[in-house]
1. Could you list, in their original order, any pairs among LYS65/LYS121; LYS93/LYS121; LYS65/LYS136; LYS78/LYS121; LYS56/LYS78; LYS24/LYS65 whose Cα atoms are separated by more than 23 Å?
2. What's the ranking of 65-74, 40-49 by average number of surrounding C-beta atoms within 10 Å, highest first?
3. How far is the Cα center of region 120-172 from the Cα center of region 35-90, in Å?
4. Taking 7 Å along the Cα-to-C-beta vector as the label spot, tell me the GLU39-MET21 distance in nanometres, rounded to one decimal.
5. Mind giving me the FRET efficiency for ALA69 and HIS110? R0 is 22 Å, r the Cβ-Cβ distance, nearest 0.05 is fine.
6. Computed over the Cα atoms of region 77-170, what is the ratio Rg over Rh, Rh following Kirkwood?
7. Can you give the alpha-carbon Rg of region 20-61 over 2.2 N^0.38 Å, where N counts its residues?
8. Calculate the FRET efficiency for HIS128 and ARG59 from the Cβ-Cβ distance with a Förster distance of 41 Å, rounded to the nearest 0.05.
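Taken together, the values in this text are just the output of simple stated rules run on the coordinates, not laboratory data. This one's a predicted model, so the numbers in the text were calculated from it and none came from an experiment. Glycine gets a Cβ as well: all are built from the backbone with ideal geometry, and neighbour counts include every protein chain shown.
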Amino acid sequence: MLEKTDGVRRGRTSERELDAMDRKLLGVLVEDATTSYAELGERVGLSPPAAHERVKRLRRSGAIKRIAALIEPEATGKTLLAFVHVDTTGWGKTTTLLAIEAHPEVEEIHSVAGDTCMLLKVRTESTHALEGLLAKIYDVPGVTATRSYVVLSTYLERPVQPGVTQDWPGRVKAPRAPGEASAG
């Protein structure tokens, strides 16, 4: 139940870095994980067997954790999206508090730095259901307060993306050592 996330930076889970082709494959799979190997290979410039082998390697390395369906909230009747900040006495991530995951309305649980201990992403059928979930949270020993932020509109909601921005403003490039060749 508890996934180790104590480090500020997480270690790489795969044995090797993702290359440009891996990122292309992941980009297509994030859009539609049911894409056939033939279409996947065609879209990224590989043969179907080569695409299949790459995907198998990405799964073995842990870069692809699992394949899941993204459900339209309206289909489940859970149209109220909220983010709930949970304040606790002491360190917030107790086993009792993390047990809130048993409620299907809880989509994400994060231990965070800042002015709160835990951040929950929840999706409920109504404000009444949200109130019921908050009551369950308040039943947890050590919970002292919550702050709920109800979402009015969502402009972007997506899974982890394979791309990486390389040119952040103000990024300082490390100076090259004397005699070191340029990588470009």
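1. Numbers: LYS65/LYS121 20 Å; LYS93/LYS121 15 Å; LYS65/LYS136 30 Å; LYS78/LYS121 13 Å; LYS56/LYS78 35 Å; LYS24/LYS65 17 Å.
Pairs exceeding the cut-off: LYS65/LYS136; LYS56/LYS78.
2. Listed from highest to lowest mean packing, they are 40-49, 65-74.
3. 19
4. With each label point 7 Å from Cα toward Cβ, the separation is 2.2 nm.
5. FRET efficiency, ALA69 to HIS110: 0.45.
6. 1.04
7. Normalised by 2.2 N^0.38 Å, the Cα Rg of region 20-61 equals 0.97.
8. My answer for the efficiency is 0.50.
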